[in-house]
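Trainee: Quick one: the structure is below, and I'll ask about it shortly.
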Amino acid sequence: MPAYIVMGAQWGDEGKGKIVDVLAEKMDFVVRFQGGANAGHTVIHGDTRYVTHLIPSGVISGNSVNIIGNGCVVDPRTLLEEMEALEKQGVRITPAKFIISPQAHMVLPVHRYLDKLLNEKIGTTVRGIGPAYTDKVRRTGIRWERACDGSFAEACREHLDFLEKVYAVIGKEEMEKLRDGIPALAATVERLRPFVRDARPLLAQAVKEDSNILYEGAQGTFLDIDHGTYPYVTSSNTSIGGAYTGGGVFLDFHKRIAIMKSYTTRVGEGPFPTELFDETGEKLRRNGNEYGATTGRPRRCGWLDLHLLKTSCMINGFNYIVFSKVSCLSGFETLKVAVDHDPDGKPVYEALPGWEEDILGYTDFATLPENCRRYIRFVEDFLGVPVGMVSTGPDRDHVIRRRPIL
Ligand code: IMP
(Lines give C-alpha, C1' and ligand atoms only; values in the text may rest on other atoms or scores of the structure.)
Protein backbone atom coordinates (compact mmCIF):
# COMPACT_ATOMS: atom_id res chain seq x y z
CA MET A 1 0.00 0.00 0.00
CA PRO A 2 1.69 3.23 -1.05
CA ALA A 3 1.34 5.27 2.10
CA TYR A 4 4.09 7.66 3.05
CA ILE A 5 4.74 9.68 6.16
CA VAL A 6 7.18 12.55 6.42
CA MET A 7 8.31 13.64 9.88
CA GLY A 8 10.87 15.99 11.33
CA ALA A 9 13.60 13.95 13.02
CA GLN A 10 14.87 16.76 15.27
CA TRP A 11 13.26 19.94 16.66
CA GLY A 12 11.43 21.04 13.53
CA ASP A 13 12.51 23.27 10.63
CA GLU A 14 14.27 20.37 8.91
CA GLY A 15 12.92 21.33 5.49
CA LYS A 16 9.82 19.14 5.35
CA GLY A 17 7.85 21.55 3.15
CA LYS A 18 10.14 21.14 0.17
CA ILE A 19 10.12 17.34 0.24
CA VAL A 20 6.39 17.17 0.80
CA ASP A 21 5.99 19.45 -2.20
CA VAL A 22 8.17 17.19 -4.35
CA LEU A 23 6.17 14.13 -3.25
CA ALA A 24 2.77 15.80 -3.30
CA GLU A 25 2.73 16.01 -7.08
CA LYS A 26 2.30 12.24 -7.21
CA MET A 27 -0.14 11.97 -4.32
CA ASP A 28 -3.88 11.46 -4.29
CA PHE A 29 -4.16 12.60 -0.66
CA VAL A 30 -2.02 14.78 1.59
CA VAL A 31 -2.93 14.80 5.29
CA ARG A 32 -1.91 17.00 8.24
CA PHE A 33 -2.47 15.09 11.47
CA GLN A 34 -1.25 17.32 14.30
CA GLY A 35 -0.31 20.86 15.24
CA GLY A 36 -1.64 24.07 13.82
CA ALA A 37 -0.32 27.39 12.62
CA ASN A 38 2.81 26.94 14.75
CA ALA A 39 4.23 25.14 11.72
CA GLY A 40 5.69 27.03 8.81
CA HIS A 41 6.45 25.15 5.61
CA THR A 42 8.27 26.99 2.88
CA VAL A 43 7.99 25.82 -0.71
CA ILE A 44 9.91 27.50 -3.52
CA HIS A 45 8.94 27.10 -7.18
CA GLY A 46 11.26 29.13 -9.39
CA ASP A 47 10.85 32.75 -8.26
CA THR A 48 7.73 32.11 -6.21
CA ARG A 49 7.91 31.40 -2.52
CA TYR A 50 4.88 29.91 -0.79
CA VAL A 51 4.60 29.71 2.98
CA THR A 52 1.92 27.47 4.44
CA HIS A 53 1.12 27.14 8.11
CA LEU A 54 -2.06 25.13 8.21
CA ILE A 55 -2.98 23.92 4.76
CA PRO A 56 -1.16 20.76 3.64
CA SER A 57 1.56 21.66 1.14
CA GLY A 58 -0.17 19.44 -1.44
CA VAL A 59 -2.51 22.29 -2.43
CA ILE A 60 0.35 24.08 -4.15
CA SER A 61 1.00 21.57 -6.88
CA GLY A 62 -0.69 18.45 -8.14
CA ASN A 63 -4.28 17.35 -7.90
CA SER A 64 -4.30 15.87 -4.44
CA VAL A 65 -7.07 16.11 -1.89
CA ASN A 66 -5.63 17.92 1.14
CA ILE A 67 -6.97 17.11 4.58
CA ILE A 68 -6.56 18.83 7.93
CA GLY A 69 -7.11 15.85 10.19
CA ASN A 70 -8.86 15.62 13.54
CA GLY A 71 -5.55 15.82 15.44
CA CYS A 72 -4.95 19.40 14.32
CA VAL A 73 -5.95 22.68 15.94
CA VAL A 74 -7.02 25.31 13.45
CA ASP A 75 -7.30 29.05 13.79
CA PRO A 76 -10.09 30.21 11.43
CA ARG A 77 -8.64 33.67 10.82
CA THR A 78 -5.15 32.38 10.10
CA LEU A 79 -6.61 29.73 7.81
CA LEU A 80 -8.67 32.22 5.82
CA GLU A 81 -5.69 34.60 5.52
CA GLU A 82 -3.51 31.76 4.32
CA MET A 83 -6.10 30.65 1.77
CA GLU A 84 -6.44 34.19 0.46
CA ALA A 85 -2.66 34.64 0.21
CA LEU A 86 -2.30 31.37 -1.71
CA GLU A 87 -5.20 32.28 -4.02
CA LYS A 88 -3.43 35.57 -4.75
CA GLN A 89 -0.41 33.54 -5.79
CA GLY A 90 -2.59 31.59 -8.20
CA VAL A 91 -3.34 28.51 -6.07
CA ARG A 92 -7.00 27.53 -6.38
CA ILE A 93 -8.48 26.05 -3.21
CA THR A 94 -11.86 24.38 -3.58
CA PRO A 95 -13.85 22.12 -1.22
CA ALA A 96 -13.00 19.22 -3.54
CA LYS A 97 -9.31 19.86 -2.98
CA PHE A 98 -9.26 20.89 0.67
CA ILE A 99 -11.09 19.40 3.67
CA ILE A 100 -11.14 20.32 7.37
CA SER A 101 -12.10 17.52 9.74
CA PRO A 102 -15.19 18.35 11.83
CA GLN A 103 -13.38 16.77 14.78
CA ALA A 104 -10.42 19.15 14.55
CA HIS A 105 -10.42 21.78 17.27
CA MET A 106 -10.54 25.51 16.82
CA VAL A 107 -7.85 27.89 17.96
CA LEU A 108 -9.65 31.00 19.17
CA PRO A 109 -8.38 34.50 19.99
CA VAL A 110 -8.58 33.67 23.69
CA HIS A 111 -6.12 30.80 23.12
CA ARG A 112 -3.58 33.17 21.60
CA TYR A 113 -4.08 35.55 24.50
CA LEU A 114 -3.54 32.80 27.07
CA ASP A 115 -0.52 31.43 25.20
CA LYS A 116 1.19 34.80 25.52
CA LEU A 117 0.40 35.05 29.22
CA LEU A 118 1.02 31.49 30.37
CA ASN A 119 3.65 29.92 28.17
CA GLU A 120 6.53 32.37 28.09
CA LYS A 121 8.87 29.89 29.75
CA ILE A 122 8.50 27.47 26.83
CA GLY A 123 9.14 30.12 24.20
CA THR A 124 6.12 29.08 22.15
CA THR A 125 5.15 30.44 18.76
CA VAL A 126 2.27 32.27 20.55
CA ARG A 127 -0.22 30.83 18.05
CA GLY A 128 -2.51 29.57 20.83
CA ILE A 129 -1.56 25.94 20.30
CA GLY A 130 -1.08 24.85 23.94
CA PRO A 131 -4.28 26.49 25.25
CA ALA A 132 -6.32 25.04 22.35
CA TYR A 133 -5.07 21.52 23.08
CA THR A 134 -5.67 22.17 26.79
CA ASP A 135 -9.32 22.86 25.96
CA LYS A 136 -9.48 19.74 23.82
CA VAL A 137 -8.18 17.48 26.57
CA ARG A 138 -10.24 19.23 29.25
CA ARG A 139 -13.26 18.61 27.01
CA THR A 140 -14.16 22.27 26.86
CA GLY A 141 -12.92 23.02 23.34
CA ILE A 142 -14.88 23.94 20.23
CA ARG A 143 -14.62 21.58 17.30
CA TRP A 144 -15.05 22.50 13.65
CA GLU A 145 -18.36 20.63 13.52
CA ARG A 146 -19.81 23.71 15.24
CA ALA A 147 -19.08 25.64 12.04
CA CYS A 148 -21.78 23.61 10.34
CA ASP A 149 -24.60 23.39 12.85
CA GLY A 150 -25.20 27.11 13.34
CA SER A 151 -24.18 27.07 16.99
CA PHE A 152 -20.68 28.53 16.72
CA ALA A 153 -21.34 31.99 18.21
CA GLU A 154 -23.27 30.48 21.11
CA ALA A 155 -20.49 27.95 21.73
CA CYS A 156 -17.97 30.82 21.80
CA ARG A 157 -19.96 32.74 24.39
CA GLU A 158 -20.29 29.67 26.63
CA HIS A 159 -16.61 28.95 26.17
CA LEU A 160 -15.62 32.46 27.25
CA ASP A 161 -17.99 32.29 30.25
CA PHE A 162 -16.25 29.10 31.30
CA LEU A 163 -12.73 30.46 30.80
CA GLU A 164 -13.59 33.61 32.73
CA LYS A 165 -14.25 31.42 35.75
CA VAL A 166 -11.03 29.43 35.30
CA TYR A 167 -8.57 32.20 34.43
CA ALA A 168 -8.61 35.37 36.53
CA VAL A 169 -5.59 36.37 34.48
CA ILE A 170 -7.73 37.25 31.44
CA GLY A 171 -9.28 40.33 33.07
CA LYS A 172 -12.60 42.13 32.47
CA GLU A 173 -11.44 44.44 29.69
CA GLU A 174 -9.92 41.67 27.60
CA MET A 175 -13.01 39.51 28.15
CA GLU A 176 -15.17 42.28 26.77
CA LYS A 177 -12.94 42.58 23.72
CA LEU A 178 -13.08 38.85 23.14
CA ARG A 179 -16.87 38.81 23.44
CA ASP A 180 -17.15 41.74 21.04
CA GLY A 181 -15.05 39.84 18.53
CA ILE A 182 -17.43 36.89 18.30
CA PRO A 183 -19.63 38.13 15.39
CA ALA A 184 -16.62 38.81 13.15
CA LEU A 185 -15.14 35.45 14.04
CA ALA A 186 -18.46 33.74 13.31
CA ALA A 187 -18.47 35.40 9.87
CA THR A 188 -14.98 34.02 9.17
CA VAL A 189 -16.00 30.55 10.29
CA GLU A 190 -19.08 30.74 8.08
CA ARG A 191 -16.88 31.36 5.05
CA LEU A 192 -14.92 28.23 5.85
CA ARG A 193 -17.98 26.05 6.37
CA PRO A 194 -17.94 24.52 2.85
CA PHE A 195 -14.57 22.96 3.60
CA VAL A 196 -15.68 21.12 6.76
CA ARG A 197 -16.52 17.49 6.10
CA ASP A 198 -15.72 14.05 7.43
CA ALA A 199 -12.75 12.84 5.38
CA ARG A 200 -12.43 9.46 7.09
CA PRO A 201 -14.65 7.47 4.68
CA LEU A 202 -12.78 9.06 1.79
CA LEU A 203 -9.42 8.12 3.30
CA ALA A 204 -10.56 4.61 4.17
CA GLN A 205 -11.68 4.12 0.57
CA ALA A 206 -8.36 5.52 -0.66
CA VAL A 207 -6.49 2.96 1.48
CA LYS A 208 -8.60 0.16 -0.02
CA GLU A 209 -7.93 1.38 -3.54
CA ASP A 210 -4.18 1.63 -2.99
CA SER A 211 -4.18 5.36 -3.65
CA ASN A 212 -1.05 7.35 -2.96
CA ILE A 213 -1.37 8.88 0.48
CA LEU A 214 1.08 11.22 2.18
CA TYR A 215 0.96 12.25 5.81
CA GLU A 216 2.75 15.52 6.42
CA GLY A 217 4.21 15.90 9.90
CA ALA A 218 4.76 19.30 11.46
CA GLN A 219 7.41 20.32 14.01
CA GLY A 220 9.84 17.54 14.94
CA THR A 221 10.20 14.40 17.02
CA PHE A 222 11.79 16.11 20.04
CA LEU A 223 8.92 18.57 20.24
CA ASP A 224 6.53 15.63 20.74
CA ILE A 225 4.39 16.03 23.88
CA ASP A 226 5.35 12.49 25.03
CA HIS A 227 8.73 11.75 23.48
CA GLY A 228 10.20 15.26 23.34
CA THR A 229 12.21 17.37 25.76
CA TYR A 230 9.23 17.95 28.06
CA PRO A 231 8.11 20.55 29.11
CA TYR A 232 9.88 22.33 26.25
CA VAL A 233 7.71 20.73 23.63
CA THR A 234 4.61 21.47 21.62
CA SER A 235 1.22 20.10 22.68
CA SER A 236 0.70 17.35 20.10
CA ASN A 237 2.26 14.04 19.13
CA THR A 238 4.63 15.05 16.37
CA SER A 239 6.05 11.55 15.97
CA ILE A 240 4.45 8.57 14.24
CA GLY A 241 1.88 7.83 16.95
CA GLY A 242 0.20 11.16 16.23
CA ALA A 243 -0.51 10.03 12.68
CA TYR A 244 -2.72 7.21 13.90
CA THR A 245 -4.85 9.30 16.24
CA GLY A 246 -4.76 12.50 14.25
CA GLY A 247 -5.34 11.33 10.68
CA GLY A 248 -8.53 9.41 11.23
CA VAL A 249 -8.11 5.91 9.77
CA PHE A 250 -5.65 3.05 10.05
CA LEU A 251 -3.02 2.74 7.39
CA ASP A 252 0.31 1.04 7.15
CA PHE A 253 3.05 3.49 6.19
CA HIS A 254 5.39 1.61 3.93
CA LYS A 255 7.79 4.57 3.80
CA ARG A 256 8.53 6.38 7.02
CA ILE A 257 10.62 9.29 5.94
CA ALA A 258 12.87 11.23 8.29
CA ILE A 259 13.60 14.76 7.27
CA MET A 260 16.92 15.25 8.98
CA LYS A 261 18.86 18.47 8.87
CA SER A 262 22.60 17.88 8.41
CA TYR A 263 23.22 19.95 11.55
CA THR A 264 20.85 20.84 14.39
CA THR A 265 18.61 23.83 15.09
CA ARG A 266 15.97 24.63 17.64
CA VAL A 267 13.73 27.62 18.38
CA GLY A 268 12.31 28.43 21.77
CA GLU A 269 13.65 27.24 25.09
CA GLY A 270 14.80 23.80 26.20
CA PRO A 271 17.78 21.48 26.18
CA PHE A 272 20.05 21.36 23.14
CA PRO A 273 23.23 19.42 23.96
CA THR A 274 25.20 20.23 20.77
CA GLU A 275 24.30 23.93 20.68
CA LEU A 276 27.11 26.28 19.63
CA PHE A 277 27.37 29.74 21.14
CA ASP A 278 30.42 30.83 19.18
CA GLU A 279 31.35 31.97 15.69
CA THR A 280 30.80 28.43 14.36
CA GLY A 281 27.15 28.54 15.48
CA GLU A 282 26.81 32.00 13.94
CA LYS A 283 28.24 30.68 10.69
CA LEU A 284 25.72 27.82 10.62
CA ARG A 285 22.91 30.34 11.18
CA ARG A 286 24.22 32.54 8.38
CA ASN A 287 24.83 29.70 5.92
CA GLY A 288 21.45 28.13 6.63
CA ASN A 289 19.51 31.40 6.96
CA GLU A 290 18.20 30.01 10.22
CA TYR A 291 15.35 32.33 11.08
CA GLY A 292 11.85 30.99 11.87
CA ALA A 293 9.33 30.87 8.98
CA THR A 294 6.50 31.46 11.47
CA THR A 295 7.97 33.89 13.98
CA GLY A 296 11.14 35.23 12.32
CA ARG A 297 13.09 34.32 15.47
CA PRO A 298 16.79 33.44 15.01
CA ARG A 299 17.16 29.70 15.47
CA ARG A 300 19.67 28.21 17.90
CA CYS A 301 22.28 26.24 15.92
CA GLY A 302 24.66 23.37 16.66
CA TRP A 303 26.31 20.21 15.43
CA LEU A 304 24.47 17.10 14.30
CA ASP A 305 23.45 14.94 17.25
CA LEU A 306 23.46 11.32 16.10
CA HIS A 307 22.95 10.06 19.64
CA LEU A 308 19.56 11.80 19.77
CA LEU A 309 18.77 10.84 16.19
CA LYS A 310 19.18 7.18 17.06
CA THR A 311 16.28 7.61 19.48
CA SER A 312 14.30 9.46 16.83
CA CYS A 313 14.79 6.54 14.41
CA MET A 314 13.74 4.10 17.10
CA ILE A 315 10.52 5.96 17.93
CA ASN A 316 9.41 6.54 14.37
CA GLY A 317 10.71 3.41 12.67
CA PHE A 318 12.26 5.52 9.94
CA ASN A 319 13.29 3.56 6.87
CA TYR A 320 14.35 6.43 4.62
CA ILE A 321 16.30 9.60 5.39
CA VAL A 322 16.17 12.86 3.49
CA PHE A 323 19.34 14.64 4.57
CA SER A 324 18.71 18.34 4.21
CA LYS A 325 20.66 21.57 3.92
CA VAL A 326 23.95 19.80 3.27
CA SER A 327 25.02 22.74 1.09
CA CYS A 328 25.07 24.90 4.23
CA LEU A 329 27.98 22.87 5.61
CA SER A 330 30.50 23.96 2.97
CA GLY A 331 33.47 25.93 4.30
CA PHE A 332 34.00 24.22 7.66
CA GLU A 333 37.43 22.71 8.17
CA THR A 334 36.05 20.14 10.58
CA LEU A 335 32.52 18.95 11.24
CA LYS A 336 31.68 17.47 14.60
CA VAL A 337 28.93 14.94 15.19
CA ALA A 338 27.76 13.76 18.62
CA VAL A 339 27.93 9.97 18.80
CA ASP A 340 27.08 9.70 22.49
CA HIS A 341 26.15 11.75 25.56
CA ASP A 342 28.24 11.43 28.73
CA PRO A 343 26.57 10.83 32.14
CA ASP A 344 26.13 14.63 32.54
CA GLY A 345 24.30 14.80 29.22
CA LYS A 346 27.24 16.46 27.45
CA PRO A 347 27.86 15.39 23.86
CA VAL A 348 30.76 13.10 23.00
CA TYR A 349 31.97 14.17 19.57
CA GLU A 350 33.64 12.55 16.65
CA ALA A 351 35.32 14.97 14.23
CA LEU A 352 34.98 14.51 10.50
CA PRO A 353 36.86 16.48 7.84
CA GLY A 354 34.84 19.21 6.12
CA TRP A 355 34.91 20.49 2.53
CA GLU A 356 35.36 23.88 0.89
CA GLU A 357 33.45 23.47 -2.37
CA ASP A 358 30.10 25.15 -2.83
CA ILE A 359 27.69 22.29 -3.60
CA LEU A 360 24.52 24.36 -3.98
CA GLY A 361 22.15 22.68 -6.42
CA TYR A 362 24.21 19.50 -6.94
CA THR A 363 22.11 16.61 -8.22
CA ASP A 364 24.65 13.82 -8.49
CA PHE A 365 26.05 12.04 -5.41
CA ALA A 366 29.19 10.98 -7.24
CA THR A 367 30.21 14.59 -7.89
CA LEU A 368 30.01 15.66 -4.23
CA PRO A 369 33.35 16.31 -2.50
CA GLU A 370 34.80 13.14 -1.02
CA ASN A 371 34.45 14.45 2.56
CA CYS A 372 30.80 15.33 2.01
CA ARG A 373 30.09 11.80 0.83
CA ARG A 374 32.00 10.50 3.82
CA TYR A 375 29.87 12.65 6.19
CA ILE A 376 26.65 11.30 4.66
CA ARG A 377 27.84 7.68 4.78
CA PHE A 378 28.91 8.11 8.40
CA VAL A 379 25.38 9.21 9.28
CA GLU A 380 23.59 6.35 7.55
CA ASP A 381 26.03 3.75 8.91
CA PHE A 382 25.63 5.09 12.44
CA LEU A 383 21.83 5.19 12.28
CA GLY A 384 21.38 2.04 10.23
CA VAL A 385 18.91 3.85 7.96
CA PRO A 386 19.75 4.78 4.36
CA VAL A 387 20.07 8.39 3.28
CA GLY A 388 17.91 8.10 0.18
CA MET A 389 17.85 11.74 -0.75
CA VAL A 390 20.16 14.68 -0.14
CA SER A 391 18.86 18.22 -0.36
CA THR A 392 21.46 20.64 -1.70
CA GLY A 393 19.52 23.89 -1.87
CA PRO A 394 16.16 25.58 -1.43
CA ASP A 395 14.77 24.92 -4.90
CA ARG A 396 12.77 21.78 -5.56
CA ASP A 397 15.37 20.68 -8.16
CA HIS A 398 18.25 21.03 -5.72
CA VAL A 399 18.15 17.40 -4.77
CA ILE A 400 20.30 14.27 -5.09
CA ARG A 401 18.21 11.14 -5.48
CA ARG A 402 20.22 8.14 -4.30
CA ARG A 403 17.32 5.74 -3.84
CA PRO A 404 13.81 5.92 -5.25
CA ILE A 405 11.34 7.34 -2.79
CA LEU A 406 8.18 6.42 -4.68
P1 IMP B 1 4.03 25.88 20.45
O2 IMP B 1 3.92 24.73 19.51
O3 IMP B 1 3.74 27.20 19.78
O4 IMP B 1 3.25 25.67 21.70
O5 IMP B 1 5.56 25.97 20.91
C6 IMP B 1 6.18 24.98 21.70
C7 IMP B 1 7.64 24.79 21.29
O8 IMP B 1 7.69 24.22 20.00
C9 IMP B 1 8.44 26.09 21.19
O10 IMP B 1 9.76 25.82 21.56
C11 IMP B 1 8.36 26.42 19.72
O12 IMP B 1 9.45 27.23 19.31
C13 IMP B 1 8.43 25.03 19.12
N14 IMP B 1 7.81 24.95 17.79
C15 IMP B 1 6.50 24.93 17.50
N16 IMP B 1 6.30 24.82 16.18
C17 IMP B 1 7.52 24.76 15.62
C18 IMP B 1 7.97 24.59 14.27
O19 IMP B 1 7.20 24.48 13.31
N20 IMP B 1 9.32 24.56 14.09
C21 IMP B 1 10.17 24.64 15.12
N22 IMP B 1 9.81 24.77 16.39
C23 IMP B 1 8.48 24.83 16.65
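The values are calculated or read from the model by the stated rules, or taken from the named source; none is laboratory data. Small disclaimer: the values here were computed from a predicted structure and weren't measured. Heads up, the Cβs are rebuilt from the backbone with ideal geometry, glycines too, and the neighbour counts pull from every protein chain shown. For the accessible areas, the whole protein counts, side chains as well, though only heavy atoms, and no ligand, DNA or RNA atoms are used. Shrake-Rupley method; radii C 1.70, N 1.55, O 1.52, S 1.80 Å.
Trainee: Inside segment 162-207, can you point out the residues that are outside the structural domain of A132 (by TED's automatic domain parsing) and of a type in the set (S, T, N, Q)?
Mentor: The one that is outside the structural domain of A132 (by TED's automatic domain parsing) and of a type in the set (S, T, N, Q): Q205.
Trainee: Out of all the residues in segment 55-66, which are over 18 Å from the mean Cα position of the chain (by Cα) and open to solvent by 20 Å² or more (accessible area, probe 1.4 Å)? Working first, answer last.
Mentor: Going residue by residue through segment 55-66, those that are over 18 Å from the mean Cα position of the chain (by Cα) are 61-65.
Hits for segment 55-66 are G62, N63, V65.
Trainee: Considering only segment 24-54, state which residues are without any contact (Cβ under 8 Å) to a residue 60 or more places away in the chain and crowded, with 24+ Cβ neighbours inside 10 Å.
Mentor: Of everything in segment 24-54, those that are without any contact (Cβ under 8 Å) to a residue 60 or more places away in the chain and crowded, with 24+ Cβ neighbours inside 10 Å turn out to be T52, L54.
Trainee: I'd like to know if segment 78-85 contains one or more residues that are open to solvent by 20 Å² or more (accessible area, probe 1.4 Å), polar (S, T, N, Q) and modelled with pLDDT of 95 or more.
Mentor: Residues of segment 78-85 that are open to solvent by 20 Å² or more (accessible area, probe 1.4 Å), as a first pass: 78, 80-81, 84-85.
In the following step, the residues that additionally are polar (S, T, N, Q) were identified as 78.
Filter once more, keeping what is modelled with pLDDT of 95 or more: 78.
Yes, the conditions are met somewhere in segment 78-85.
Trainee: A further question follows. With the condition kept exactly as written, say whether any residue in segment 193-201 is of a type in the set (V, I, T), out of contact with any helix residue (DSSP H, G or I) (no Cβ under 6 Å at 6 or more places or on another chain) and more than 10 Å from the ligand (Cβ to nearest atom).
Mentor: First, the residues of segment 193-201 that are of a type in the set (V, I, T): 196.
Narrowing the set further to residues that are out of contact with any helix residue (DSSP H, G or I) (no Cβ under 6 Å at 6 or more places or on another chain) leaves none.
Checked segment 193-201: no residue is of a type in the set (V, I, T), out of contact with any helix residue (DSSP H, G or I) (no Cβ under 6 Å at 6 or more places or on another chain) and more than 10 Å from the ligand (Cβ to nearest atom).
Trainee: Then there is this: Please tell me if V73 is within 13 Å of the ligand (Cβ to nearest atom), under 16 Å from the mean Cα position of the chain (by Cα) and over 29 Å from Y263 (Cα atoms). Before the answer, list the steps.
Mentor: On the way: within 13 Å of the ligand (Cβ to nearest atom): yes; under 16 Å from the mean Cα position of the chain (by Cα): yes; over 29 Å from Y263 (Cα atoms): yes.
In short, yes.
Trainee: Which ranges mark the strands (runs of 3 or more DSSP E) fully within segment 253-347 that have 1 or more residues being within 16 Å of the ligand (Cβ to nearest atom) and open to solvent by 30 Å² or more (accessible area, probe 1.4 Å)?
Mentor: By residue number, 300-302.
Trainee: Right, something else. What residue, among those in segment 220-233 that are open to solvent by less than 20 Å² (accessible area, probe 1.4 Å) and touching a strand residue (DSSP E or B) at 6+ places or on another chain (Cβ under 9 Å), is farthest from the ligand (Cβ to nearest atom)?
Mentor: Here the residue is T221.
Trainee: Mind listing whichever residues of segment 118-152 are more than 10 Å from the ligand (Cβ to nearest atom), open to solvent by less than 30 Å² (accessible area, probe 1.4 Å) and in a helix (DSSP H, G or I)?
Mentor: Residues satisfying the conditions are D135, W144, A147, F152.
Trainee: Show me the strands (runs of 3 or more DSSP E) found entirely inside segment 47-106 where at least 2 residues are among the hydrophobic types (A, V, I, L, M, F, W, C).
Mentor: Those strands (runs of 3 or more DSSP E) span 65-68, 98-100.
Trainee: Any residue in segment 281-293 that's closer than 15 Å to H41 by Cα and in the same structural domain as T392 (by TED's automatic domain parsing): show its pairings with residues that are away from the ligand (no atom under 12 Å from the Cβ) and assigned to a loop (DSSP other than H, G, I, E, B) at Cβ separation under 9 Å, as long as the two are six or more apart or on different chains.
Mentor: Pairs found: N289/P394.
Trainee: Moving on. Of (1) within 12 Å of the ligand (Cβ to nearest atom); (2) open to solvent by less than 10 Å² (accessible area, probe 1.4 Å); (3) closer than 26 Å to G384 by Cβ; (4) assigned to a loop (DSSP other than H, G, I, E, B), S236 satisfies all except one. Which?
Mentor: Answer for S236: the failing condition is (3).
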